[in-house]
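Since the structure comes first, as structure tokens, the remarks are kept for the end.
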């Protein structure tokens, strides 16, 4: 379920792309990014049933 915008249009050199749309007409579009301690998604990961974003977040917290 997307929020605010369906994807990230562009990223700078210090931004790490964490996820892209995997199928459909928007395949390849950026939907999750990270810069240092900031993590942003254009979707609600808790609404998907896919726990990769949650596991990644927990790993970030554990390593801090």
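Out of the residues in region 1-23 meeting the condition of being surrounded by 15 or more Cβ atoms within 10 Å (Cβ to Cβ) and closer than 23 Å to residue 63 by Cβ, tell me which one is modelled with the highest pLDDT.
Looking at residues that are surrounded by 15 or more Cβ atoms within 10 Å (Cβ to Cβ) and closer than 23 Å to residue 63 by Cβ, I get 15.
I'd like the full set of residues that are part of a loop (DSSP other than H, G, I, E, B), farther than 16 Å from residue 58 by Cβ and either at pLDDT 90 or above or in contact with a helix residue (DSSP H, G or I) (Cβ under 8 Å, 6 or more places away or on another chain) (or both), limited to region 24-47.
Passing the criteria: 27, 28, 29.
The values are calculated or read from the model by the stated rules, or taken from the named source; none is laboratory data. Just so it is clear, the structure is predicted and the values come from calculations on it, not from any experiment. We place every Cβ from the backbone using ideal geometry, glycine too, and count neighbours over all the protein chains shown.
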